[in-house]
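Report on the following structure.
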Amino acid sequence: MRKLTCFLVFMFSIYLCFAENNNVAADESNVRDLGTALNAVSIPGGAYGKGPNGEDWIYAVAGGSPAVFNVVDAETGKLVDSFSLEGASNSWAVTVDPDGNVYMGTYTNGTLYRYEPGSDHIENLGTPLPGESFIWRLSSDNEGRIYGGTYPSGKVFQYNPETGEFRDYGQMVEGQQYVRSIDIYKDKAYAGVGTNGANLVELDINTGETKEIPLPDKYSEASNVYDISIARNKMFARVTGGVSTILVYDLKTMEVIDEIEDANGLDVSSAGPQNNVYLIRNEQLFSYNLNTLELKATGFTDLFSARGFGWINLGTKEFPGKTLASIAWNGDIRKYNPITGNTEITPGQIEGEPVEIQSLTQGPNGNIFVGGYFSGGLAEYDYTTDQLTEYKGLGQIEGMVAHHDQLYMGIYTGAHLYSYNPDEPYELGVNPVEHFSLKDKEQDRPFAMVSAGDKLAIGTVPDYGKLGGALTIFDPATNNYSFHRNIVENQSVISLAYKDGLVYGGTSVWGGLGIQPTEEEAQLFIWDMESGQKVSEAVPVPGEKAVSALTFDDEGNLWGLTSGVLFKYDTQTNQVVQVKELYSLNWDAVGHLWRGGFLTFDADGYLYGQTHNELFKVDPQTLEKETLVDDASLFAQDAEGNFYFARDHKLYQYQR
């Protein structure tokens with residue numbers, strides 16, 4: 001075994017270049033718009049109501065650029081109407097008030113919208129709370145006032161339709177960033193809070209006073225109260241984070257009277273025939289009697305989670321009386337009749353919306369692979385035929401890398417690792433195939449991946465409310481992996497490079513969303529693949545909070561990028577020998593940074609990359625920067641040397 005000792009001595013007197021940038025104006029004459037790479041139907045939230053003539057309608061927002069509000073006939077699945085929500089990406093928050101008006105709370109613009117059934121337009125009611133970018137859930141009281149929970153300050157607001165005014169109730173729990181769920185009972189709002197621990201809060205909607213409702217002791221390690229649904233005098237609060245259990249509260253006594261394990265969420269229905277409510281558990285629909293607390297399987301399976309429930313009247317022999325309806329993530333309408341037990345799935349005619357691009361890389365065949373945000377999906381651009389091919393079924397791909405003849409993909413949530421052989425037919429579960437998940441190790445987002453000899457190195461960001469990312473080494477030959485958390489204490493691993501048996505890693509001081517960093521500066525670490533040990537760690541650029549990209553030049557020097565500061569690290573002397581600020585950044589204004597840049601050396605000897613929404617070129621001798629393209633995110637290069645970047649949902653090529 002090699003004995004390797006490294007001393008990282010950062011000698012900033014050697015070469016400091018915090019000079020004015022001499023940017024060359026970007027010329028887009030060689031930029032090609034390749035079009036939308038991915039389309040999908042993704043519905044986080046839905047609600048149910050009546051049309052102007054008593055029709056049973058489902059209201060659902062489909063994520064996209066922009067998000068689209070859809071009105072769907074619950075019986076036939078036909079699209080009644082749709083409206084773009086300009087500025088919004090999607091919505092978990094849809095509710096109907098007692099008069100039948102529909103309210104939508106969106107992200108990432110944190111805006112409240114209203115739709116009156118039968119209207120030919122959507123009303124933009126504005127941003128309830130400035131600075132809050134996510135409205136997670138909405139609920140209405142009996143007087144039609146609307147309540148919502150927000151991120152990133154963990155607040156609750158009220159909208160009064162009579163006055164058009166918003167009321168800010170403030171942060172529900174000090175230090176908590178998420179109000180993930182909310183529902184109303186009489187003059188109280190109940191808010192589910194996380195992610196740095198799970199809290200259930202009672203809010204007096206008149207006085208604004210709050211009171212925390214203690215959870216049973218065994219849920220002290222839970223991270224969130226993810227869902228809240230109230231049916232008559234029962235409250236169903238789903239606790240997540242190592243568990244997925246619905247706590248059933250008697251709202252008269254505020255005692256927990258039952259616990260329902262293995263619940264899928266997101267909602268529990270309102271009460272239907274025989275005082276039963278319905279929920280999904282272990283991907284099967286169950287009835288739950290509000291009087292006897294009896295939980296009973298219906299036999300309606302393979303359902304995953306529910307985007308709300310509603311009661312509709314189909315008036316047929318097979319579906320007499322009230323029928324339970326629920327819309328799925330993909331727009332399918334699932335129906336269950338409690339009298340006959342009959343079930344039906346009706347495809348909802350909701351059009352797929354363009355999916356924002358989340359990740360890019362060159363695959364093992366030289367083509368460009370594209371991962372989608374939130375809705376997920378994988379697309380392949382064949383640069384030789386100028387064709388885009390879309391593949392369905394994968395989740396949000398945070399990072400990708402080619403390793404031998406496979407494309408490896410790190411998928412959020414739960415840090416799943418998949419591999420795909422592009423030379424073989426695409427068949428989800430066969431090709432691509434899942435290898436493992438790091439969910440049980442509190443890892444969530446696998447942004448950093450690098451081919452490391454015969455193995456694959458993966459860097460991850462931890463789960464919501466957690467600090468401490470990890471370096472994972474995967475051996476495809478054995479399908480085994482070794483896991484190393486807190487490779488740098490309380491920091492995430494967001495960039496990786498490999499050379500001569502050593503993995504070099506860059507970190508971010510931020511962990512998962514919902515928790516503040518404890519560390520001040522990002523680190524550069526070295527990991528010896530043979531010994532399986534960390535060799536060293538140190539701060540490459542003082543004051544910088546993330547090292548977002550790493551790459552090697554032909555001489556074996558390591559080049560790194562923080563967010564806007566470029567540095568050169570001599571792997572022989574273990575010194576940072578050059579530093580230049582390419583872009584300025586006020587770190588105090590940054591909420592988190594997990595992926596801020598990309599770097600690569602080309603055959604022409606120049607350094608290319610992307611950061612701060614620019615595609616750039618740097619002369620490694622003079623460190624002079626040239627801007628190639630403005631308004632560019634992400635970065636990849638095909639086998640012929642052309643560059644690729646994204647603008648929202650569109651893929652672009654920079655021809656060379």
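The values are calculated or read from the model by the stated rules, or taken from the named source; none is laboratory data. These figures come from a predicted structure and were not determined experimentally. Positions of Cβ are backbone-derived with ideal geometry, glycine not excepted, and every protein chain shown enters the neighbour counts.
List of remarks:
- Residues that are closer than 14 Å to Gly242 by Cβ and surrounded by 17 or more Cβ atoms within 10 Å (Cβ to Cβ) do occur in region 209-221.
- Subset of region 586-600 [surrounded by 19 or more Cβ atoms within 10 Å (Cβ to Cβ) and either free of Cβ contacts under 8 Å to residues at least 24 places away in the same chain or outside any loop (DSSP other than H, G, I, E, B) (or both)]: Gly597, Phe598, Leu599
This table checks each residue for (1) within 24 Å of Gly46 (Cβ to Cβ); (2) without any contact (Cβ under 8 Å) to a residue 24 or more places away in the chain; (3) touching a strand residue (DSSP E or B) at 6+ places or on another chain (Cβ under 7 Å).
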residue	(1), (2), (3)
Asn199	no, no, yes
Glu221	no, yes, no
Phe236	yes, no, yes
Val239	yes, no, yes
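- Restricted to region 421-444, and to residues there that are in a strand (DSSP E or B) and either buried (at least 22 other Cβ atoms within 10 Å of the Cβ) or among the hydrophobic types (A, V, I, L, M, F, W, C) (or both), the residue that is farthest from the chain's Cα centre (by Cα) is Val433.
- Of the criteria (1) of a type in the set (A, V, I, L, M); (2) assigned to a strand (DSSP E or B); (3) crowded, with 24+ Cβ neighbours inside 10 Å, which one Leu34 fails: (3)
- Taken over region 563-584, residues that are modelled with pLDDT under 95 and among the hydrophobic types (A, V, I, L, M, F, W, C) amount to 0.
- Restricting attention to region 299-314, the residues that are surrounded by 19 or more Cβ atoms within 10 Å (Cβ to Cβ) and either within 23 Å of Glu259 (Cβ to Cβ) or among the basic types (Lys, Arg) (or both) total 6.
- Residues that are more than 18 Å from the chain's Cα centre (by Cα) and within 19 Å of Asn196 (Cα to Cα), drawn from region 445-469: Gly468
- Of all the criteria given as (1) closer than 19 Å to Thr76 by Cβ; (2) touching a Lys or Arg at 6+ places or on another chain (Cβ under 7 Å); (3) in a strand (DSSP E or B), the one not satisfied by Gln349 is (3).
- Residue match in region 556-569 (condition: free of Cβ contacts under 8 Å to residues at least 40 places away in the same chain and either touching a helix residue (DSSP H, G or I) at 6+ places or on another chain (Cβ under 7 Å) or surrounded by 19 or more Cβ atoms within 10 Å (Cβ to Cβ) (or both)): yes
- Among the residues of this structure, Ala497 does not count as one that is buried (at least 24 other Cβ atoms within 10 Å of the Cβ), under 20 Å from Ser359 (Cβ atoms) and modelled with pLDDT of 95 or more.
- Checking each residue in region 404-425 for being more than 19 Å from Tyr381 (Cβ to Cβ) and among the polar types (S, T, N, Q) picks out Thr413, Ser419.
- So Glu116, is it farther than 22 Å from Tyr226 by Cβ, modelled with pLDDT of 95 or more and surrounded by fewer than 22 Cβ atoms within 10 Å (Cβ to Cβ): yes
- Out of Leu407, Leu388, sole residue that is at pLDDT 95 or above, in contact with a strand residue (DSSP E or B) (Cβ under 9 Å, 6 or more places away or on another chain), surrounded by fewer than 21 Cβ atoms within 10 Å (Cβ to Cβ) and more than 20 Å from Phe483 (Cβ to Cβ): Leu388
- Here is the figure for region 410-434: residues that are within 21 Å of Pro462 (Cα to Cα) and modelled with pLDDT under 95 total 1.
- Taking residues in region 296-322 that are closer than 15 Å to Ala271 by Cβ, and partners anywhere that are basic (Lys, Arg) and at pLDDT 95 or above, the pairs with Cβ atoms closer than 7 Å and at least 6 places apart or on different chains are Trp311/Lys322.
- Filtered residues of region 321-378 (kept if over 30 Å from Gly597 (Cα atoms) and of a type in the set (Ser, Thr, Tyr)): Thr323, Ser326, Tyr336, Thr340, Thr343, Thr346
- Leading residue by the ranking (farthest from Tyr226 (Cα to Cα)) among those in region 284-342 that are in a strand (DSSP E or B) and charged (D, E, K, R): Lys322
- Across region 337-358, a minimum of one residue is classified as modelled with pLDDT of 95 or more, in contact with a Ser or Thr (Cβ under 6 Å, 6 or more places away or on another chain) and surrounded by fewer than 24 Cβ atoms within 10 Å (Cβ to Cβ).
- Yes/no for Gly393 being surrounded by 20 or more Cβ atoms within 10 Å (Cβ to Cβ) and either assigned to a strand (DSSP E or B) or of a type outside the set (A, V, I, L, M) (or both): no
- Selection status of Asn142, buried (at least 19 other Cβ atoms within 10 Å of the Cβ) and either of a type outside the set (Lys, Arg) or farther than 20 Å from Gly348 by Cα (or both): no
- For region 456-478, the criterion of a residue being surrounded by fewer than 22 Cβ atoms within 10 Å (Cβ to Cβ), under 14 Å from Gly410 (Cα atoms) and not aliphatic (A, V, I, L, M) is satisfied by no position.
- Residue match in region 262-282 (condition: in the same structural domain as Ser89 (by TED's automatic domain parsing), among the charged types (D, E, K, R), part of a loop (DSSP other than H, G, I, E, B) and surrounded by fewer than 20 Cβ atoms within 10 Å (Cβ to Cβ)): yes
- Selection of region 614-631 for residues being touching a Phe, Trp or Tyr at 6+ places or on another chain (Cβ under 6 Å) and either surrounded by fewer than 18 Cβ atoms within 10 Å (Cβ to Cβ) or not hydrophobic (A, V, I, L, M, F, W, C) (or both) yields Lys617, Lys625, Thr627.
- Hits in region 637-656 - residues which are farther than 12 Å from Asp602 by Cα and either part of a strand (DSSP E or B) or of a type in the set (Asp, Glu) (or both): Tyr644, Phe645, Ala646, Arg647, Asp648, Lys650, Leu651, Tyr652, Gln653, Tyr654
- Enumeration of residues in region 484-519 that are farther than 23 Å from Asn574 by Cβ, part of a strand (DSSP E or B) and either among the polar types (S, T, N, Q) or touching a Leu at 6+ places or on another chain (Cβ under 7 Å) (or both): Ser492
- Residue within region 370-389 that is outside any loop (DSSP other than H, G, I, E, B), under 22 Å from Ala60 (Cβ atoms) and within 20 Å of the chain's Cα centre (by Cα) present: yes
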